[in-house]
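Peer 1: Before I ask anything, let me first share the structure, which is written out below as structure tokens.
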Amino acid sequence: MTPPPPLGVFDTGVGGLSVLADLRRTLPGQDMLYLADTAHVPYGARPDDEIRALTERAVTALHAQGVGAVVVACNTASAFSLAHLRERFDMPIIGLVPAVKPAVQATRSGVVGVLATPGTLRGTLLADVIREWAEPAGVQVLRAVSTELVPLVEAGKADHAETRAVLRDILAPVAQAGADQLVLGCTHYPFLAASIRAEFGDTFALLDSGAAVARHTRRVLEGAGLLAPDTTAGTVRYAVTGDPARSAPVFAALLAETMHNGEELHRAHAPRIERLHT
């Protein structure tokens, strides 16, 4: 029996590794190709058309590598590119939606925060889920935005004094307003959990979209006949558009954080990373 094609996973940089970990747990038999557009990260402050063009180039490169479906593991790219990509490619394209719905369902204070990039805040997906879930429930959504956090995670400073200072400045008003849920509206941000808790303790429950998108991806692959059996462990290829040597230490550090219940899903040493031109 011919195995199904690999699943492509795309992010602007290393943040999508948090989604990749959830995909690996939910799709243990699936081969995957992870592509980070490290030559152009971050996307958040770029013009809308440029975000769409860069995302299409990355998905085109994954398609040329033979993937059967793509998870756009980036909130900013999802906010601007999903409809365009689905018109362009004859394969399943799965995107991220900020986890506003579970935050609204869980809040007791009636106030939730969303930590996001400028691009995600400009896009329609966040506004749509706020209108669909928060407004009918009478829940106040406070937006916190930063252009600094993604570069700090990319630089390996997710749990660093400089990063904690940025988080303190932008999240203090959200905490003071009584938010008890914080939506991590960028795939880089789950790696900031330790820093957020160091500054704010248990003020917020932290929510991201990784587990939900992994479950949805499994349903999509199964429906399309692209789901690999769980009887053998799938493999992962890692690729970047920039310098692999520069990315390797950060990849290794963040992959080491994706252990779950004592099970090491990725090797903690520097992974083999190839360069993929887009």
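The values are calculated or read from the model by the stated rules, or taken from the named source; none is laboratory data. Just so it is clear, the structure is predicted and the values come from calculations on it, not from any experiment. Using ideal geometry, Cβ is built from the backbone for each residue, glycine included, and neighbour counts are taken over all protein chains shown. We work out accessible area using only protein heavy atoms, side chains counted, and drop any ligands, DNA or RNA first. Shrake-Rupley method; radii C 1.70, N 1.55, O 1.52, S 1.80 Å.
Peer 1: State which residue is nearest to TYR43 (Cα to Cα) when the search covers only the range 64-78 and only residues that are hydrophobic (A, V, I, L, M, F, W, C) and out of contact with any Cys (no Cβ under 9 Å at 6 or more places or on another chain).
Peer 2: Out of the qualifying residues, it is ALA77.
Peer 1: Which residues, taken from the range 90-104, are more than 14 Å from SER78 (Cα to Cα), in contact with an Asp or Glu (Cβ under 9 Å, 6 or more places away or on another chain) and surrounded by fewer than 24 Cβ atoms within 10 Å (Cβ to Cβ)?
Peer 2: LYS101
Peer 1: For THR278, are the conditions met, namely being out of contact with any Pro (no Cβ under 6 Å at 6 or more places or on another chain), modelled with pLDDT of 95 or more and under 30 Å from GLY68 (Cβ atoms)?
Peer 2: no
Peer 1: May I pose another question? Hey, among GLY29, GLY15, which residue is in contact with a Pro (Cβ under 6 Å, 6 or more places away or on another chain) and not charged (D, E, K, R)?
Peer 2: It is GLY29.
Peer 1: Given the criterion open to solvent by 10 Å² or more (accessible area, probe 1.4 Å), in contact with a strand residue (DSSP E or B) (Cβ under 9 Å, 6 or more places away or on another chain), in a helix (DSSP H, G or I) and in contact (Cβ under 8 Å) with a residue 40 or more places away in the chain, identify the matching residue among PRO173, PRO190, PRO249.
Peer 2: PRO190
Peer 1: Let me ask something else about it. Mind checking which pairs have a first residue in the range 203-229 that is open to solvent by less than 50 Å² (accessible area, probe 1.4 Å) and a second that is of a type in the set (Asp, Glu) and assigned to a loop (DSSP other than H, G, I, E, B), Cβ under 9 Å, 6 or more apart or different chains?
Peer 2: PHE204/ASP180; ALA205/ASP180; ALA228/ASP31
Peer 1: Now for a different question. Evaluate the following for ALA158: is it under 23 Å from THR258 (Cβ atoms), touching a helix residue (DSSP H, G or I) at 6+ places or on another chain (Cβ under 8 Å), open to solvent by 40 Å² or more (accessible area, probe 1.4 Å) and among the hydrophobic types (A, V, I, L, M, F, W, C)?
Peer 2: The answer is no for ALA158.
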